[in-house]
Structure formats: structure tokens, C-alpha cells
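Remarks on the structure that follows.
Values in this text are rule-based calculations from the coordinates and carry no lab data. In this text the structure is predicted, and so the values were computed from the model without any measurement. Backbone-built Cβ (ideal geometry, glycine too); neighbour counts: all protein chains shown.
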Amino acid sequence: MVVILGILAATVLPQFSQASKDAKESSVVQNLQMIRHQMGLCKFQHDGKLPVESTTDTTAFTNQMTQKTTLTGIVDATNDNLDPYLFGELPQNS
């Protein structure tokens, strides 16, 4: 009886492990697709300029994507500005 349970466990556990990896991969792909889509919308609304096009500052990128901006890309929560492209924070890469 113990041998049978051991054999079953040896065949089933790797399948669960692979399913977990597949789920994480799928989540990362969906997050990247969402970010790419929202960056395209941002580019369209900001006259063809990507967020923080001239810098590699990740904080500036996060701010432009998660806060209201002006047409020139300046983060500004006042007046009638463009809404954030991502709500909350950027998805974590897990």
C-alpha cells in the first residue's frame, strides 16, 4: 500500500509543480501585455512620446504610469489632466 502511494506521489507532484510554473508564466505574460497596451495609450495621448523617453529613471516611469499627467508628460494631479494608465502600482515580477 505504501509503495503504491509513493508511486502515485512521484507521478502527481511534478505535474502540480509544472502547473504552478505555467500559472506564474501566464501571469507575467498578461502583466507585460497590459503594460505594453497602456504604454501605447500613453504614447498616443502624449504626441508620440513614450513615458520618460529621455531617462532610465524607474521612479519617473512609475509616477507617469500610475499618476495623472499633463499632455507634456508632467505628473500633476490638479486641473483636467490625463488619468493614470495603471492603477495602484506596477505589477511585480514574481
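A few points about this structure:
- Dipole magnitude for the chain: about 320 debye, using +1 per Lys or Arg Cβ and -1 per Asp or Glu Cβ, origin at the Cα centre.
- Projecting the Cα atoms of ASN63, THR11, VAL28 onto the dipole axis of the chain, where Lys and Arg carry +1 and Asp and Glu carry -1 at the beta carbon, places THR11 farthest toward the positive end.
- Here the dipole of the stretch 36-88 is about 180 debye; that uses its Cα centre as origin and unit charges on the Cβ of Lys and Arg (positive) and Asp and Glu (negative).
- Mean separation of Cα contacts under 8 Å (6+ apart) over length of the chain, as relative contact order %: 21
- A value for Rg/Rh (Cα atoms, Kirkwood Rh) was derived from the coordinates, and within the list [x] 1.33; [y] 1.26; [z] 1.00 it appears as [x].
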